[in-house]
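Right, one structure below, let's go through it.
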Amino acid sequence: MIRKVYEVDPLICPRCGGRMTVVAFLTDYAVVDRIIRHLELTFVADKPPPAYALERVALMAAE
C-alpha cells in the first residue's frame, strides 16, 4: 500500500539503494512501546491531525 499510495518503495535502503527484506512483524503493543522507549524516539507532528481524524479515533476507541 505504501508503494501504491506514496509511489515510493519502502523496501529500498535509503543509504545504499539495496533491497531490504521484512524479517518480522511486531504486533504486541508492549513490545513496540519498549523498543520506542529504548531507542528514545519521539513522535511529534509538525501540525496536529485534522479534526475528522481525531473523531474517527474516538469512535473506534468507543467501540
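The values are calculated or read from the model by the stated rules, or taken from the named source; none is laboratory data. Values in this document were obtained by computation on a predicted structure and should not be read as measured data. Counting neighbours? That spans all protein chains shown, and the Cβs are built from the backbone with ideal geometry, glycine included.
Residue-by-condition table, conditions (1) of a type in the set (Gly, Ala, Ser); (2) outside any helix (DSSP H, G or I); (3) modelled with pLDDT of 85 or more; (4) surrounded by fewer than 10 Cβ atoms within 10 Å (Cβ to Cβ):
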{"residue": "VAL5", "(1), (2), (3), (4)": "no, no, no, yes"}
{"residue": "PRO10", "(1), (2), (3), (4)": "no, yes, yes, no"}
{"residue": "CYS16", "(1), (2), (3), (4)": "no, yes, yes, yes"}
{"residue": "VAL22", "(1), (2), (3), (4)": "no, yes, yes, yes"}
{"residue": "THR27", "(1), (2), (3), (4)": "no, yes, yes, yes"}
{"residue": "VAL32", "(1), (2), (3), (4)": "no, no, yes, no"}
{"residue": "ILE36", "(1), (2), (3), (4)": "no, no, yes, no"}
{"residue": "GLU40", "(1), (2), (3), (4)": "no, yes, yes, yes"}
{"residue": "PRO49", "(1), (2), (3), (4)": "no, yes, no, no"}
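Selection over segment 2-37 of residues that are in contact with a Lys or Arg (Cβ under 7 Å, 6 or more places away or on another chain) and of a type in the set (D, E, K, R) gives a count of 1.
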